[in-house]
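Input: a single structure, listed below in structure tokens.
The values are calculated or read from the model by the stated rules, or taken from the named source; none is laboratory data. Every value quoted in this text rests on a predicted model; they were computed, and no experiment measured them. We place every Cβ from the backbone using ideal geometry, glycine too, and count neighbours over all the protein chains shown.
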Amino acid sequence: MKVTPTKIADVLIIEPKVFGDERGFFYESFNQKDFAEAIGISADFVQDNHSKSGKGVLRGLHYQIKKPQGKLVRVVSGEVLDIAVDIRKSSATFGQWVSLCLSAENKKQLWIPPGFAHGFIVLSDSAEFLYKTTDYYAPEYESCILWDDEDLAIDWQYSGEPLLSRKDAQGLNFKEAEVFD
């Protein structure tokens with residue numbers, strides 16, 4: 001596997017070795033030992049999540065202050081623009097974000113450690129999004145930052161109005177949101 005840091009060094013692009021021929025392809029999507037060696041930390045994943053969404057669906061920007069989750073994300077069908085926002089107040093990159101196009105075609109994954117808000121928008125007609133988390137989903141601790149917060153100024157690379165859940169439409173502005181110390 002190839003690991004490449006993003007402009008926020010803790011957020012990593014992971015590219016598995018893909019073996020393909022006229023029959024199709026094979027790749028190992030996760031190996032605990034290789035992952036720990038490649039990123040330099042041991043992450044214990046406790047939950048796998050799978051979502052399917054149509055074009056223009058935007059999910060996020062989600063995080064949990066209590067029971068924070070590290071996430072290893074990938075797309076198995078379609079294409080999304082994935083976003084990670086550093087909400088660690090003590091970080092030199094606090095308030096900065098990174099984006100990466102994840103698709104079934106490129107098979108890239110993104111490691112987003114605890115301390116980040118996360119979201120994505122579907123760019124293809126539909127997409128299936130898979131992610132592993134280092135802690136369990138705890139709705140009582142979940143928070144949401146508005147996707148179009150002016151201070152963050154995220155380029156979602158999408159024209160038009162995204163489709164949002166009620167929860168995501170009622171997210172907080174970045175300046176009002178609870179963040180990590």
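Going by the conditions given, is residue 111 assigned to a strand (DSSP E or B), aromatic (Phe, Trp, Tyr) and either touching a residue at least 60 places away in the same chain (Cβ under 8 Å) or touching a helix residue (DSSP H, G or I) at 6+ places or on another chain (Cβ under 6 Å) (or both)?
Answer is yes for this residue.
Here residue 91 does not qualify as at pLDDT 95 or above, more than 13 Å from the chain's Cα centre (by Cα), assigned to a strand (DSSP E or B) and surrounded by 15 or more Cβ atoms within 10 Å (Cβ to Cβ). Would you be able to say whether some residue in the range 49-71 is under 28 Å from residue 26 (Cα atoms), of a type in the set (A, V, I, L, M) and crowded, with 16+ Cβ neighbours inside 10 Å? There is no residue in the range 49-71 that is under 28 Å from residue 26 (Cα atoms), of a type in the set (A, V, I, L, M) and crowded, with 16+ Cβ neighbours inside 10 Å.
Close contacts from the range 54-79, counting a first residue that is part of a loop (DSSP other than H, G, I, E, B) and a second that is of a type in the set (Gly, Ala, Ser), with Cβ to Cβ under 6 Å and a gap of 6+ residues or different chains, come to 67/138; 70/43; 78/124; 78/126; 78/127.
The set of residues from the range 114-155 being crowded, with 17+ Cβ neighbours inside 10 Å, part of a strand (DSSP E or B) and of a type in the set (D, E, K, R) comprises just one member, 132. Got at least one residue in the range 158-179 being under 30 Å from residue 27 (Cα atoms), β-branched (Val, Ile, Thr) and touching a residue at least 60 places away in the same chain (Cβ under 8 Å)? No: the range 158-179 contains no residue that is under 30 Å from residue 27 (Cα atoms), β-branched (Val, Ile, Thr) and touching a residue at least 60 places away in the same chain (Cβ under 8 Å).
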